[in-house]
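Below: one structure, written as structure tokens.
The values are calculated or read from the model by the stated rules, or taken from the named source; none is laboratory data. On a predicted model such as this, the values are computed, not experimentally measured, just so you know. When we count neighbours, we look across all protein chains shown, and the Cβ atoms used for this are built from the backbone with ideal geometry, even at glycine. Side chains are part of the model used for accessible areas, which takes the heavy atoms of the whole protein and leaves out ligands, DNA and RNA. Shrake-Rupley method; radii C 1.70, N 1.55, O 1.52, S 1.80 Å.
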Amino acid sequence: MLILVTYDVSTEDNAGKKRLRRVAKECVNYGTRVQNSVFECVVDGAKLRLLKEKLINVIDPEKDSLRFYCLGNNYKTKVEHYGVKMGLDLEEPLIF
């Protein structure tokens, strides 16, 4: 299933900057960055639970926020893109 992960991490202090880097690094392990604080991740239920647990343990719930949008398995009909940086086929191997 396709999950859209969005986050807003307060970077007013060094601890916030560190949390921001940790959240981004964790998201890179599961998906593709499509905007600064937005990742598309194709995961199964177990990986989604693990990702949520990891991210929730990184953020400060008093200062930061996370959102998970579950677009399901038929996401190709639910995502429209306009402008630069065309999306990748998330189910195909990445070859550079």
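When residues of the range 32-78 are filtered for being in contact with a Lys or Arg (Cβ under 7 Å, 6 or more places away or on another chain), in a strand (DSSP E or B) and open to solvent by 30 Å² or more (accessible area, probe 1.4 Å), how many remain?
Final tally of qualifying residues: 2.
Only residues that are of a type in the set (Val, Ile, Thr), in a loop (DSSP other than H, G, I, E, B) and touching a residue at least 40 places away in the same chain (Cβ under 8 Å): list them for the range 3-31, please.
9 - this is the single residue of the range 3-31 that is of a type in the set (Val, Ile, Thr), in a loop (DSSP other than H, G, I, E, B) and touching a residue at least 40 places away in the same chain (Cβ under 8 Å).
Can you pull out every residue in the range 79-90 that is open to solvent by less than 80 Å² (accessible area, probe 1.4 Å) and at pLDDT 75 or above?
Across the range 79-90, the qualifying residues are 79, 83.
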